[in-house]
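What follows is a short report on a single structure.
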Amino acid sequence: MSTKNTETIAPQTTTPQTTVGIDRISFATPHYYLNLTDLANARGIDPNKFTIGIGQSEQSVPPNHQDIVTLAAEAAHPLLPHIDSNRLKMLIVGTESGVDASKSSALYVQNLLKLTPWVRCIEVKEACYGGTAALMMACDYVRAHAEKDPQVLVIAADIARYGLATPGEVTQGAGAVAMLVSTNPHVLKINDDSVVKSADIQDFWRPVYQDTALARGKFSTEQYIQFFCDVWQKYCAQNNCNFNDFAGLCFHLPYTKMGLKALKAAMDSCDNTCNATNTCNATNLSESSRKCLLSRYETSTKYSRRVGNIYTGSLYLGLLSLLELDGLELDGCTHENSELPPLKSGDKIGLFSYGSGAVGEFFSATLVPGFKEALFAREHADMLDSRVRLSVADYEAMFSSVAPYAPEDFVSDTSHRERAHFFLDGISSQERHYRSN
Ligand code: CAA
């Protein structure tokens, strides 16, 4: 008798794909800013270099009671009504300007926000990429435990400091972006399609004994562009897509000219490849898509142009700028991006994250129905518009009054506390003391 293979194949069960992404997103920046034309004049530099060549108009300046802990707490504060203590499972802070080499800043933030103790609190570091690493970990966690409907709070918080009268001074800034990650998000779905590249290079770093960064400026910009071109090409091949599939592209923005350089480099190389080899689909970059992506890129840079580099948060500040300003009424008769239809649910946004050292990642997100109503656009406009302009002398004094990277006691100023909810009161015996009002 012949033996027949009687192995039975289990019937396929189709589990519906769980939607995971950003449920709420909010940012915070200090209440004080420096006008970069004032800075250029004080440094004897043509202001056009800063406003056109670099693409920055203003930069936020933190008073010395604000550090990445208090900025992180400020950013997450508006999300509190949406956080469910029973569902919150992780708080991850991405930062490259952390306040302690050992203790996670997430623990200070947890305390300031009075969050549940039944939560994993950690800090993630990889230069400006830390926020994206945290976001990816959050999405993976929520996908893996979707049946329990968990929430993860991700905060990307940084203060970018290069030093007075350095080449990097014009690219300083301060702020934080908080993102609540969950299933069935109200803002956007993060697609599981990312491409990431890592390489040990020395373009930008900060030794643990100092609070200002060291950078090989030109080298860092070249590496940023190369990383974008590399991950973009691999992403398109892996996901069988091209520029025309995106309603907008957002970039890590150390300064607003940087993302544009990378975008144009990839668009030009796409043109050259199409023309020279005719191997790729000729519709890889249609004229209408080029115009749309460049126009929406401009919109994505508006907040950063006023805030400056916020390192790990800057990609997400760009995303917020695009989502909140797209279609916004400008002067009663024209709208931001008025030549384009407003962004709508189902539109795909591409995001490029770059952290020196270096890691580059490209991934996409899809807008969900009603996303505009889940944003804090009015609050963010008010936060930016109500900031106080500092003279260059006042900026220099504020910059230099920061808590020292040394075992000395420190007491923060009691002035410049308007609008803040959380404060670093001081440091005694090498321990930091925070307070909420
Ligand atoms: N009018 C108009 N444009 C002018 C001008 C003028 N009068 N004078 C100069 N410019 C233009 C230049 O032509 C140049 O434009 P292109 O780059 O398009 O050629 C631009 O202004 C900048 O001029 P320089 O290159 O001479 O500027 P710089 O030597 O002072 O350095 C910098 C600029 C490298 C960005 C410097 O600010 C820096 O080191 N910043 C910190 C490092 C950094 O941000 N790197 C970015 C990539 S790394 C990263 O992304 C991680 C991160 O967040 C740090």
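The values are calculated or read from the model by the stated rules, or taken from the named source; none is laboratory data. Source: prediction; values computed, not measured. All Cβ positions, glycine included, derive from the backbone under ideal geometry; neighbour counts span all protein chains shown. To get the accessible areas, we keep the full protein, side chains included, count just its heavy atoms, and leave off ligands, DNA and RNA. Shrake-Rupley method; radii C 1.70, N 1.55, O 1.52, S 1.80 Å.
Here is a yes/no grid of residues against (1) modelled with pLDDT under 95; (2) more than 15 Å from the ligand (Cβ to nearest atom); (3) closer than 25 Å to residue 100 by Cα:
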| residue | (1), (2), (3) |
| --- | --- |
| 22 | no, yes, no |
| 39 | no, no, no |
| 43 | no, no, no |
| 53 | no, no, no |
| 57 | no, no, no |
| 67 | no, yes, yes |
| 70 | no, yes, yes |
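Out of all the residues in the range 207-220, which are near the ligand (Cβ under 10 Å from one of its atoms), of a type in the set (D, E, K, R) and surrounded by 14 or more Cβ atoms within 10 Å (Cβ to Cβ)?
Passing the criteria: only 216.
The residues listed here are 156, 138, 133; of these, the one that is in contact with a Phe, Trp or Tyr (Cβ under 8 Å, 6 or more places away or on another chain) and either assigned to a strand (DSSP E or B) or open to solvent by less than 40 Å² (accessible area, probe 1.4 Å) (or both) is 156. Counting the residues of the range 176-198 that are open to solvent by less than 40 Å² (accessible area, probe 1.4 Å) and within 16 Å of the ligand (Cβ to nearest atom) gives 2. Scanning the range 292-324 for residues that are among the charged types (D, E, K, R), open to solvent by less than 10 Å² (accessible area, probe 1.4 Å) and either in a strand (DSSP E or B) or within 15 Å of the ligand (Cβ to nearest atom) (or both) turns up nothing. For the range 386-407, what are the residues that are assigned to a loop (DSSP other than H, G, I, E, B) and aromatic (Phe, Trp, Tyr)? Once the filter is applied, which keeps residues that are assigned to a loop (DSSP other than H, G, I, E, B) and aromatic (Phe, Trp, Tyr), the range 386-407 yields only 405.
Mind counting the residues in the range 408-434 that are open to solvent by 100 Å² or more (accessible area, probe 1.4 Å) and either of a type in the set (Lys, Arg) or assigned to a loop (DSSP other than H, G, I, E, B) (or both)? Before you say what the answer is, go through the steps one by one.
Going through the range 408-434, the residues open to solvent by 100 Å² or more (accessible area, probe 1.4 Å) turn out to be 408-409, 411, 414, 419, 430-431.
Within this subset, residues satisfying the condition of being either of a type in the set (Lys, Arg) or assigned to a loop (DSSP other than H, G, I, E, B) (or both) are 408-409, 414, 419, 430.
Final tally of qualifying residues: 5.
Give the residues of the range 327-347 that are closer than 15 Å to residue 381 by Cβ, charged (D, E, K, R), in a loop (DSSP other than H, G, I, E, B) and open to solvent by 40 Å² or more (accessible area, probe 1.4 Å), sorted by residue number. Within the range 327-347, 331 is the sole residue that qualifies.
Scanning the range 26-62 for residues that are in a loop (DSSP other than H, G, I, E, B) and without any contact (Cβ under 8 Å) to a residue 40 or more places away in the chain yields 44, 45, 46. Just wondering, is there one or more residues in the range 203-220 that are part of a helix (DSSP H, G or I) and in contact with a Phe, Trp or Tyr (Cβ under 6 Å, 6 or more places away or on another chain)? Within the range 203-220 (the criterion being part of a helix (DSSP H, G or I) and in contact with a Phe, Trp or Tyr (Cβ under 6 Å, 6 or more places away or on another chain)), the answer is yes, since at least one residue qualifies. Of all residues in the range 355-414, those being of a type in the set (A, V, I, L, M) and within 24 Å of residue 169 (Cβ to Cβ) number 12.
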